[in-house]
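First the structure, in the form of structure tokens, and then the observations on it.
The values are calculated or read from the model by the stated rules, or taken from the named source; none is laboratory data. These figures come from a predicted structure and were not determined experimentally. Note: ideal-geometry Cβ built from the backbone for every residue, glycine included; neighbour counts use all protein chains shown.
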């Protein structure tokens, strides 16, 4: 999955289909550096944008998030060798439907991507 700043996120097909509605139009953003992925077995790199399609959140996936107060390196279940970094002002979050799906959300993007739920 490609984010709004060209970042690439790993996601299973099942989780994607449960969380997003695929649109019948190409992903329309352009970036200074086009996102690519690399097959770790063959080392082959592929550009992502020619294959990317627009998608809209179904709004059904809830997350829990907390602002970071110190810098972190987050190793994910997707790639135990690579980490995502977060700094104070960013958020650490996980999905309600998968507590192992932990990730960092850039602070300047948080309000654009998420909306709070009414605590009842």
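From 25, 53, 106, grab the single residue that is surrounded by fewer than 10 Cβ atoms within 10 Å (Cβ to Cβ) and within 17 Å of residue 2 (Cα to Cα).
Going through 25, 53, 106 in turn, just one is surrounded by fewer than 10 Cβ atoms within 10 Å (Cβ to Cβ) and within 17 Å of residue 2 (Cα to Cα): 25.
Quick check on the stretch 8-18. Is at least one of its residues in a strand (DSSP E or B) and in contact (Cβ under 8 Å) with a residue 12 or more places away in the chain?
Yes, that holds for at least one residue.
So, residue 23, is that one modelled with pLDDT of 90 or more and either within 16 Å of the chain's Cα centre (by Cα) or not assigned by TED's automatic domain parsing to the domain that holds residue 99 (or both) or not?
Yes; evaluated as a whole, the condition is true for this residue.
Which of the residues that make up the stretch 53-112 are within 26 Å of residue 13 (Cβ to Cβ), outside any strand (DSSP E or B) and free of Cβ contacts under 8 Å to residues at least 12 places away in the same chain?
59, 80, 81, 82
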